[in-house]
Amino acid sequence: MKYDAVLAETVGIRGHGDDLIEAYSARPMDAAPHSGMIVIHHMPGYDAETKEITRRFATMGYSAICPNLYTREAPDADPDDAAATARANGGVPDERFVGDAKGAAAWLRALPNATGKVGVIGYCSGGRQAVLTGIEVDVQAAVDCYGALVIETPPEGFPLKVSPFPERIKDLGAPLLGLFGNDDAHPAPDHVDELEKLLQESGKTYEFHRYDGAGHAFFAVDRPSYRPEAAVDAWGHVENFLAEHLGAS
Amino acid sequence: MCTYSTEKVALDRSSGKTRDGWQSMSEASVYYDHPVHAPDAHTVNIDFLNPDRGPSSRIAVELSLDSARELLAALQTTVERAEEH
């Protein structure tokens, strides 16, 4: 019988500007060395489903942390109210996000049983932020789940004050796993083609998997966009990719 | 997909009933995106907001596209009648 236990709890971490921000951590309850995973929540926020994903990484053997990127504008609010407020305010500025991601990585590396290796995964707007983390933060693996606006310019009516950064793909410092639905419009397949081209031109280590019959948010088990075949296959790629780049946990 | 499309409206002399009772509402956001609760992939969402009272003062609705069209027509009719008064 294999011991299988996880500790999951809310913690405070220091983020951008040394601000104290809320985060949700889940960690295996054994003293063996474990690499870290930063989970970046989707645009709808720091919600129950993202916390479930965070716990899943702990069951996979990683010390995981999900920072609440909306802590500042909506402390203690319901996730949907917090997301609406963040949206009305123009979203999370990239500089602030990067500071929070650096704080999350530092928190993981300060754990007594840290290996020093840290990965990042993000969904929806968090997919873009995971790529940004791979550029700006010392991480050893990055997973982009259908992140929009890495390459393409924002659509009309776009409420968030963020810009694409194709010119920065050459600065990516971590291997990238990209998981995309071919029915998605943001990012659309040609945006994914363009990102792949930039990765190839820069000689980056990357792995893309693109799913027919799936669109945006195919991992989201609580939404009509969920596509079990794509999600199950993609979770397998996530496991293998992290084992390769963060070490078997 | 996340459509991200958002229209914002400043509200004047307007109120809404929140979980904490009636409050002034100073802003509305209208957008077509994933709902939290309604059973469609995308809905027309309206948030009535009072930023001075914090995120929890939000009044939110998620409307199917058909329902949003009917609401739009009803608003149009009501506003036109009101202008005759």
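A few notes on this one:
- Reference-scaled alpha-carbon Rg (2.2 N^0.38 Å with N residues) for the stretch A:187-248: 1.28
- Whether the stretch A:117-249 is rounded, prolate or oblate, judged on the alpha carbon gyration tensor where a/c under 1.5 counts as rounded: oblate
- Averaged over the residues of peptide A:79-89, the number of Cβ atoms from other protein chains lying within 10 Å of each residue's Cβ is 6.
- Three-way shape call for the stretch B:6-83 based on the alpha-carbon gyration tensor, with the a/c threshold at 1.5: oblate
- A Cβ-based charge dipole, computed about the Cα centre of the stretch B:6-83 with Lys and Arg at +1 and Asp and Glu at -1, lands at about 280 debye.
- Lysines with Cα under 26 Å of A:LYS117, excluding same-chain neighbours fewer than 8 positions away: A:LYS2, A:LYS51, A:LYS102, A:LYS170, A:LYS204
- Which of B:PRO39, B:VAL61, B:ALA74, positive extreme of dipole for the stretch B:6-83 (C-beta unit charges): B:VAL61
- Overall, chain A carries a charge dipole of about 660 debye about its Cα centre when +1 sits on the Cβ of Lys and Arg and -1 on the Cβ of Asp and Glu, all other atoms neutral.
- According to the calculation over all Cα-Cα pairs in the protein assembly as shown, the P(r) per 10 Å bin from zero is 6, 25, 33, 22, 10, 3, 1, 0 %.
- Dipole of the stretch A:6-246 computed with +1 at Lys/Arg Cβ and -1 at Asp/Glu Cβ about the Cα centre; of A:ALA243, A:HIS209, A:PHE165, farthest Cα towards the positive end is A:ALA243.
- Projecting the Cα atoms of A:ILE38, A:THR115, A:SER63 onto the dipole axis of chain A, where Lys and Arg carry +1 and Asp and Glu carry -1 at the beta carbon, places A:THR115 farthest toward the positive end.
- Of all DSSP-defined beta bridges confined to chain A, some 35% are antiparallel rather than parallel.
A short reminder: the numbers here are calculations on the coordinates, not readings from a lab. Bear in mind the structure is a predicted one, so any value in this text is a computation, not a measurement. Positions of Cβ are backbone-derived with ideal geometry, glycine not excepted, and every protein chain shown enters the neighbour counts.
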